[in-house]
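A.B. asks: Sharing a structure here in C-alpha cells format.
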Amino acid sequence: MAERQPRMVDPRQPRFGQFLTGLTALVAFVFQLPWLMIALAAIAGLGQLSPSTNLWRYAYLGFKRVTGLGPPKELEEAAPPRFAMTLAFVFFTLASVLYFVLAYETAAWVIDVMIIGLGFLGAAGLCVGCEIYLLARRLQSRRPTAIKA
C-alpha cells in the first residue's frame, strides 16, 4: 500500500493568517470588543476543516494577488498549521464561554492576550501550535508497538 503524501501549503499563508488572528485579537482587546473572540473562534473552526472554508486563506490569496507576490521558495506540510488553527478554535471558544456564559471576563481577556502574542509569534515564523504538533508526532513515533502473538 502506497504511503499517502501530506498536503502541502505555501508557508506564507498560515503566517499571514496568524498575523490576522493576532491583529484581530489585539483590536478586540484594545477596543474591548468581546464578540470578536466569537468571530475568531468561528474563523478558526471553519479554517481547520478544509482549505475551502479557511477565510484567512482567501485573505492571503487576495493579498498575494494585490501585491504580486510570487510563488513560495518551498512548501510546508499543512498539518501543523491546521493543528495550530484547531488550538486557536479551542482557546477562542473557551475565551468566549468564559466571557459570555460564565462572566469571567478577566480570564477571557487573558486568553485573548495570550493568543495575540502567539499570533504575532507565528507570523514571525515561530508557530507554537505547529511545534506542539511536531513534538507530539515525534513522541508518537517513539512509542513502542505491541508485539502480536
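A.B. asks: Using only the Cα atoms, what convex hull volume per residue in Å³ does the stretch 4-116 have?
C.D. replies: Cα-based convex hull of the stretch 4-116, divided per residue, equals 103 Å³.
A.B. asks: If you fit an axis through the alpha-carbon atoms of helix 55-67 and take the longest principal axis of the Cα set of the chain, what angle between them do you get, 0 to 90°, nearest 10?
C.D. replies: Tilt relative to the chain: about 90 degrees.
A.B. asks: Using Cα atoms only, what is the angle between the long axis of helix 128-142 and the major principal axis of the chain, expressed in degrees (0 to 90) to the nearest 10?
C.D. replies: 30 degrees
A.B. asks: Determine the equivalent ellipsoid of the stretch 72-131 by diagonalising the alpha-carbon gyration tensor, then write out the semi-axes as square roots of 5 times the eigenvalues, largest first, rounded to whole Å.
C.D. replies: So the three semi-axes of the stretch 72-131 are 27, 12, 6 Å.
A.B. asks: May I ask you to order 128-138, 9-19, 61-71 by the average number of other C-beta atoms within 10 Å around their residues, highest value first?
C.D. replies: 9-19, 128-138, 61-71
A.B. asks: Ignoring everything but the protein chains, give the 1.4 Å probe accessible area of Ser50 in square angstrom, nearest 10.
C.D. replies: Estimated to the nearest 10 Å², Ser50 gives 40 Å².
A.B. asks: Based on the alpha-carbon gyration tensor of the stretch 1-63 and its eigenvalue square roots a ≥ b ≥ c, which shape applies: rounded if a/c is under 1.5, prolate if not and a/b is larger than b/c, or oblate?
C.D. replies: Cα axes put the stretch 1-63 in the prolate bin.
A.B. asks: So what is the relative contact order for the chain, in percent, with contacts set as C-alpha pairs under 8 Å and at least six apart?
C.D. replies: 34 percent
A.B. asks: A follow-up question, please. Among 35-47, 114-126, how do they line up from the highest to the lowest mean number of other beta-carbon atoms within 10 Å?
C.D. replies: Result, highest mean Cβ count within 10 Å first: 35-47, 114-126.
A.B. asks: So what is the 222 nm mean residue ellipticity for the chain from helices alone, if each DSSP H run of at least 4 adds -39500 (n - 2.57) and you divide by all residues, rounding to the nearest 500 deg cm²/dmol?
C.D. replies: Rounded to the nearest 500, it is -21500 deg cm²/dmol.
A.B. asks: Next up: P(r) of the stretch 53-95 in 10 Å steps, Cα pairs, percent per bin?
C.D. replies: 23, 41, 29, 7
A.B. asks: May I pose another question? Which angle between 0 and 90 degrees, to the nearest 10, do you get for helix 35-47 versus the longest principal axis of the chain when only C-alpha atoms count?
C.D. replies: Relative to the chain, helix 35-47 is tipped by roughly 20 degrees.
The values are calculated or read from the model by the stated rules, or taken from the named source; none is laboratory data. Only a predicted model underlies this, so the values are computations on that prediction, with no experimental measurement involved. Don't worry about glycine lacking a Cβ; one is built from the backbone with ideal geometry, like all the others, and counts go over all protein chains shown. When the accessible area is computed, the model is the full protein with side chains, heavy atoms only, and any ligands, DNA or RNA have been set aside. Shrake-Rupley method; radii C 1.70, N 1.55, O 1.52, S 1.80 Å.
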